[in-house]
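Peer 1: Provided herewith is a single structure, encoded as structure tokens, for subsequent inquiry.
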Amino acid sequence: MTAEVLRYAAFTPDPSGASADSYVEPGARPGVVGGNPAGVVLDAGSLTDAQMLAIARAIGYSETAFVVPLEGAMGDRAVVEATIRYFSPVAEVAFCGHATIATGVALAERRGPGTVRLNSRAGAITVRTREEANGDLVATLSSAPTATRPVDRSTLDAALEALRWTRDLLDPRYPAHVAFAGNEHLMLAVSARDTLARLDYDFPALATLMAREGWTTAHLFWSEGATTFHARDPFPPGGVVEDPATGAAAAAFGGYLRDLGLVPVPARVTVHQGHDMGSPSLLLVDLSADTATVDVTGRATRLASSPYDELSAP
């Protein structure tokens, strides 16, 4: 069978930076357009697991979202439901933030802005889309309930060795933790922005450690201010050296900041990601004291058609 693949750049800081004239080659860094490219298949009800993985591998982006067709319209503001699954080029993942943002915008373009409940393997995710005055569509996802726990000393030492870092590079204001908002991410803060810029880690060593620990990304960050951060996210479990924008990690990061009392609540946290790899991305993270979830907001812009927009699933 043939599957229609839509392509979006998610968490683009400037919607003019990505357009229908922008095409990102599979496996390439999307430096021209900014944000994080994602594939979206809106009619995946008849695809098998093997077919979804094959399509994700052919697309070559860090994740592709597969959605079971929706019934009804979003334009009437009623909450509709769908099933969503996420595949990297090498495996299925439980939750992916940037592909969720892309999916929300793709649905809004076809059905009108509104609210959709996506049932994922990480739990239910609510996505709200709205149209801004200039016509741009913005999506907000509400994560699964968050949690965080300290990293034990030996595991932290192994992570630092794989990152080629030492303890004196870490920011003592932000303890090393593993945070959850649908999947788990290592949270590790550094004291200097330059440490992030010079990141050069041991891919096989970090991949082995993350597979053992069940981490999806390592969320490495530097605090520019109380609610403004710069981040980089190695993603070996997906076969990707680095993710330019990671909504799942941003949600987990927001829960980590809130649970440890590291930001005043309510708060909006700004995360700048992807700059050091030439793909500037902007993620807005909203925290409330009234819920265990976290809201992550971003834009998604349609990328150009390509030879892979119609893929034959084996």
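Peer 1: How many angstrom lie between the Cα centre of the stretch 160-212 and the Cα centre of the stretch 100-116?
Peer 2: With the stretch 160-212 and the stretch 100-116 each reduced to a Cα centre, they are spaced 33 Å.
Peer 1: Mind checking the angle between helix 97-111 and the chain's longest principal axis? C-alpha axes, 0 to 90 degrees, to the nearest 10.
Peer 2: 20 degrees
Peer 1: Which of 215, 222 comes first, and how do the rest follow, when ranked by fewest Cβ neighbours within 10 Å?
Peer 2: Working: 215 25, 222 21.
The most exposed by this proxy come first: 222, 215.
Peer 1: Of all the C-alpha pairs in the stretch 147-294, what % are more than 22 Å from each other?
Peer 2: So the portion of pairs separated by more than 22 Å is 31 percent.
Peer 1: Report ³J(HN,Hα) in whole Hz for each residue of the stretch 156-168, in order, from the Karplus equation J = 6.51 cos²θ - 1.76 cosθ + 1.60 where θ = phi - 60°; Gly and Pro get x.
Peer 2: 4, 4, 5, 5, 4, 5, 5, 7, 6, 10, 10, 4, 5
Peer 1: Apply the Debye scattering formula to the chain, with a single equal point scatterer on each alpha-carbon and no solvent, then give log10 I(q)/I(0) at q = 0.07, 0.09, 0.13 Å⁻¹.
Peer 2: -0.24, -0.40, -0.86
Peer 1: For the Cα atoms of the chain, what angle does the longest principal axis make with the long axis of helix 49-59, in degrees from 0 to 90, nearest 10?
Peer 2: The angle comes out near 80 degrees.
Peer 1: Same structure again: I want the antiparallel fraction of DSSP beta bridges within the chain, as a percent rounded to 5. Each step should come with its number before you reach the end.
Peer 2: Working: 59 of 76 bridges.
Within the chain, antiparallel bridges account for around 80 percent of the total.
Peer 1: How high is the relative contact order of the chain, in percent, with contacts defined as C-alpha pairs under 8 Å that are six or more residues apart? Walk me through the intermediate numbers first.
Peer 2: On the way: 826 pairs, mean separation 76.3, N = 314.
Rounded, it is 24 percent for the chain.
Peer 1: Starting with the highest mean, order 282-289, 177-184 by the number of other Cβ atoms within 10 Å, averaged over the residues of each peptide. If you can, show how the numbers build up before the last one.
Peer 2: Working: 282-289: 19.5, 177-184: 24.8.
Highest to lowest by the protection proxy: 177-184, 282-289.
Read-outs throughout are calculated quantities, based only on the coordinates presented, and are distinct from any laboratory measurement. Here the structure is a predicted model, which means the values were calculated and not measured. Here Cβ is always computed from backbone atoms with ideal geometry, including for glycine, and neighbour counts include all displayed protein chains.
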